[in-house]
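*Asks:* Please see the structure below; I have some questions.
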Amino acid sequence: MIPKVHSVSVEIGGRPLILETGWLAKQAGGAVTVKQDESAVLVTAVGSTEQRDFDFLPLTVDYMDRTAASGKIPGGFLKREGRGNERETLVSRLIDRPLRPQFPKHFRQETQVIATVLSFDPRSDTDVLSIAGAAAACHISDLPLEAPVAGVRIVRVDGAFIVNPSRAQMDQADITLIVAGTADAICMVEGGAKEADESSMIDAMDLAHAEIKKICAAIDELRGLCGAEKRALAPAPKPDAAVVAKLAEVGGESLKAAMAIPGKHERRDAIKAARDAAIAALVEGLSDEAEIARLTTAAKAVWEKMGRTAMRQRVVNEGVRLDGRVTDEVRFILAQVGVSARTHGSAVFTRGETQAFCSATIGIEEDAQRIDFAGSTEQFRRWMLQYNFPPFCTGEARRLGGPKRREVGHGALAHRALEAVLPSQAEFPYVLRVVSDVLESNGSSSMATVCGASLSLMDAGVPLKRPVAGIAMGLIREGEQYAVLSDILGDEDHLGDMDFKVTGTEKGITAFQMDTKIGGVPRAVMLRALNQAKEGRLHILDEMGKALAKPRAELSAWAPRITVVQINPDKIRDIIGPGGKTIRSIQDRTETRLKVDDSGRVEIASTDQTKAKQAMDLIRELTQEAEIGKLYLGVVKRTVDFGAFVEIFPGTEGLVHISHLADVRVERTTDIVREGDEVLVRVIDIDRAGKIRLSRKDALTSEF
């Protein structure tokens, strides 16, 4: 049977973007191949029809790069792809975040989206193509997707915005954003900048949304050609009116009082106690266990909605938040540096009930992380930041494991936030790593990580251009009223309409991340939110400055120092030696680590400057070159009838012709010098072949 292929095309960034279905993976609920340039990604969507008893949508999204798509064979012993790497995890999150809100809130059927890269072209990254592919696969299937989403990458190079740029263009950009949304509004932004201003970020998002609308229209067109009938879905259950009325009567005031308690755990316990008391009043006098269970379950759902409504109305109507702050107020901040005696740099950053311990380590070239991600233009990563979220930080007890997707995502955000202010490799030839351990969490632990990481690097003596701070912002919309919240709590994130995180210096934004739960945010409100975030960021930078305003003048005493020596590239072989014997000998003798590149740049790493100087002296001894006119105290290695060969430094010999042994006529060389004698000589010539001519006669008549 010849498959019937359906295809639509739309111009994005000046090049065609093609959505195609009907040829590959026909047994999936929906399967769409998205192409741009020579990149292609197949995205499939499959959904179970069984309604699960969860309080969340059981959606799984997996993005899979294939090394064959880039014309490579996997490294390692197995020679096959294994567990998802960091890039695959981050792209999976990029697809999930805008897609998940487009399903009905009461949809509880197991759903799986898989994006498989078929071809990777550096001119068009497959991450943003996968967002459109996932939405299209769900939209043409019977899954109840309410609206298609799409994503584009937008960068600014030399003041001009480019949509879906190439890798080369991304490397030159001062703003890089991935923006996703529906035809009506933006629902996700992820990216960074080199200290950009707020209005430029808004301009980038506006341009991106215009392109997103075109892709969403193409997805709708594809569904019109081949879309399956949507599955029947029971309407969302409505709360029992009697339960709502009774709970409001017996627990409304106690709920408001409980929600006004500032402390996270105290507030949680008070809300639970008020709920249990209200439920007890609701079921009082009943004996039917099934009816009691039904009312209890219904009451818990109603109580959560009551709490959400109470919090939101108090913010919008009174301008007062859960912990008593006004909308633009930042919690109490305490920043401390140098808290760990043997780390190279350390800091504890506390903001309200959120606390992060950050440790900075300075390493050398061999400590860099090897990178093998699709499309990556770097082979080694010299800057690393890892974020850990142990269970005790929220007062929980659960099994420890590897980093989850959330931890990888938060670490990547903080990594990006500081990238713009790090010194270049030429300025600071070290490898840097920061580890953030969240010790307490009640909102914006990733932003505490940014602040703590900045302080720990400065504490280690890393010459950051400027310190970086981060703040998590929230938004509540009730009708036409908007309230922008600075430095949100965990509950405000859960009960609010938008979460966006902004990091930057006093000059501008370095990283930005946004997720919304509502249809859209007016441009004026978004700009107001960004300006409010700037005010909060500057306040936090002032508080950080009380602990440490600028990088320490010297590196930590425990950090390695790198001394750079430039040698003639032709002399590299003299340092390496046969089979690396010479360089290993220098490292073992001096307890240092050496790195030599093809330009003749030699980096000597050591925590002991005396040993570093010893290594430098050995290198200079091995690589020094003769200079015409310079005097050397050499050793006679051989005598011949026509003169003597003198070693002026290790590995370098020159000839003293018999006519230049003395200022009188010499009959035999051995009348003047013998093997092993030390003689003072002057370099009088170096020919094109590198042969050195020496003179003892000129040296004897020299004035010192």
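*Asks:* Take every DSSP beta bridge whose two residues both sit in the chain, then give the antiparallel share in percent to the nearest 5.
*Replies:* Values: 126 of 140 bridges.
DSSP beta bridges in the chain are roughly 90 percent antiparallel.
*Asks:* For K79 and E11, compute 0.36 nm times the residue count separating them, minus their Cα-Cα distance, and round to one decimal in nm. Walk me through the numbers on the way to the answer.
*Replies:* Numbers: separation 68, 0.36 × 68 = 24.48 nm, distance 3.79 nm.
Result for the pair: 20.7 nm of gain on full extension.
*Asks:* Only Lys, Arg, Asp and Glu count, each charged at its Cβ (+1, +1, -1, -1), so figure out the dipole size of the stretch 502-566 about its Cα centre, rounded to 20 debye.
*Replies:* On the way: 10 positive and 6 negative charges, 23 e Å.
Value, rounded to 20: 100 debye.
*Asks:* Name the GluC sites (Glu not before Pro) in the stretch 538-614 that are in a loop by DSSP and that have at most 15 other C-beta atoms within 10 Å, would you? Provide the component values of the computation, followed by the final result.
*Replies:* Details: sites: E543, E554, E591, E603; in loops: E554, E591.
The qualifying sites are E554, E591.
*Asks:* Then there's this: Hey, got a sec? Which GluC sites (Glu not before Pro) in the stretch 28-84 land in a DSSP loop and have at most 15 other Cβ atoms within 10 Å?
*Replies:* Numbers: sites: E38, E50, E81; in loops: E38, E81.
Hits after loop and neighbour filter: E38, E81.
*Asks:* Another question, then. Does the chain come out rounded, prolate or oblate by the C-alpha gyration tensor, with a ≥ b ≥ c the root eigenvalues, rounded set by a/c under 1.5 and, if not, prolate when a/b is larger than b/c and oblate if not? Provide the component values of the computation, followed by the final result.
*Replies:* Values: a/c = 3.08, a/b = 2.05, b/c = 1.51.
Prolate.
*Asks:* Okay, next question. Which of the three applies to the stretch 438-528, rounded, prolate or oblate, going by the alpha-carbon gyration tensor with a ≥ b ≥ c and a/c under 1.5 meaning rounded?
*Replies:* Details: a/c = 3.60, a/b = 1.83, b/c = 1.97.
Judged from the Cα gyration tensor, the stretch 438-528 comes out oblate (a/c at least 1.5, b/c at or above a/b).
*Asks:* At A689 and R308, where each label point lies 7 Å from the Cα along Cα→Cβ, what is the point-to-point distance in nanometres?
*Replies:* 8.9
*Asks:* Ok, one more. Shape call for the stretch 20-86 from the C-alpha gyration tensor, a ≥ b ≥ c root eigenvalues: rounded (a/c under 1.5), prolate (a/b greater than b/c) or oblate? Don't skip to the end; give the middle numbers.
*Replies:* On the way: a/c = 2.67, a/b = 1.42, b/c = 1.88.
Oblate is the answer for the stretch 20-86, as a/c is 1.5 or above yet b/c matches or exceeds a/b.
*Asks:* Next question, about the same structure. How far apart, in nm, are two points set 7 Å out from the Cα along the Cα-to-Cβ line at D570 and at I2?
*Replies:* Here the answer is 6.9 nm between the modelled labels.
*Asks:* Please list the non-local residues whose amide H lies under 5 Å from the amide H of L145, H modeled 1.01 Å from N, same-chain partners needing a gap of 5 or more.
*Replies:* Correct list: empty.
*Asks:* Which of the pairs K72/K230; K194/K264; K465/K501; K35/K238; K230/K305 have their Cα atoms more than 32 Å apart in this structure?
*Replies:* K72/K230; K194/K264; K35/K238
*Asks:* Can you list which of the GluC sites (Glu not before Pro) found in the stretch 183-259 are DSSP loop residues with at most 14 other C-beta atoms within 10 Å?
*Replies:* Loop-located and lightly packed - E229.
*Asks:* Would you compute, from DSSP H runs of 4+ residues alone, the mean residue ellipticity of the chain at 222 nm, taking -39500 (n - 2.57) per run and dividing by the full residue count, rounded to the nearest 500?
*Replies:* On the way: 15 runs with 230 residues, N = 704.
Dividing the helical sum by the residues of the chain leaves -10500 deg cm²/dmol.
Each reported figure results from applying straightforward, stated rules to the coordinates on display, with no laboratory input. Keep in mind that this is a model prediction, so the values were computed, not measured. Neighbour counts are summed over all protein chains in view; Cβ atoms, including those assigned to glycine, are modelled from backbone coordinates with ideal geometry.
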